[in-house]
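Bear in mind these aren't lab numbers, they're just calculated from the coordinates by the rules spelled out. All of these numbers come straight from a predicted model, not from anything done at the bench. Here the Cβ positions follow ideal geometry from the backbone for every residue, glycine too, while neighbour counts run over all protein chains shown.
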Amino acid sequence: MSHVSSRVAALLVLHGTALGLGVATFPGSTAQAQVLADGMGTTVDAMKDIVVARLAECETHGKADPDAVIVRDANGELSMGRLQFQARTVIAYTKEIEARTIDSSEARRIALDGDRSAKLAKKIIFDKDGVGHWHYCARKLGLYQEVNAIRQMR
C-alpha cells in the first residue's frame, strides 16, 4: 500500500470504514479524522483524487492505456476513457456543473482525457450524486462509505 493510501486508510478506519483492508474499525468524529488528516499532511482534496484514481483503475481493469478504453455498455451506449463515461452523461453534467452546453464530440474528448474526466468525476462524486454511476466498482471497492466519510470532512 502506498504512503498516501495508508494515510487514507488510517483516516477511514477512524471513520469506521476500512477500505477492505481487513483492519478493525472504530467510530470517531469528523473533527478527529480531520486533525489526523492535517497531522499526516493529507488534504481532503488528495483523498478525493485517490478515490477517483481507484475507481478508474477498477473501471478499466488495469489496462495499459486506460484513456483509450471504449466499450459498448449493456444499454448499447459507448462508455469511454478511464472512468467509462458515456457522452450523454458528460453533456448533462457539464451543463449542470459548468452551465455550458457541449456537443457529443466535445463530450467524447472530455471522456477520453484522463485529467478532464477525473475532474468531472470528482465533481459528480463529491459535489453531486456520489458514486452511483459506477455502482459495480463502487460497491466492489467500498466507495459508498468512503465517499460519505470524506464528504463529512469538508
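Within a straight-line Cα-Cα reach of under 17 Å, LYS128 can be paired with the following lysines, leaving aside sequence neighbours fewer than 8 residues apart in one chain: LYS48, LYS95, LYS119.
Using a Förster distance of 35 Å, how high is the FRET efficiency between ALA64 and TYR136, based on the Cβ-Cβ distance and rounded to 0.05? Can you show the working numbers first?
On the way: r = 21 Å, r/R0 = 0.61.
That pair, ALA64 with TYR136, gives E of 0.95.
With neighbours defined as other Cβ atoms within 10 Å of a residue's Cβ, the residues PHE126, PHE85 order from fewest to most as PHE126, PHE85.
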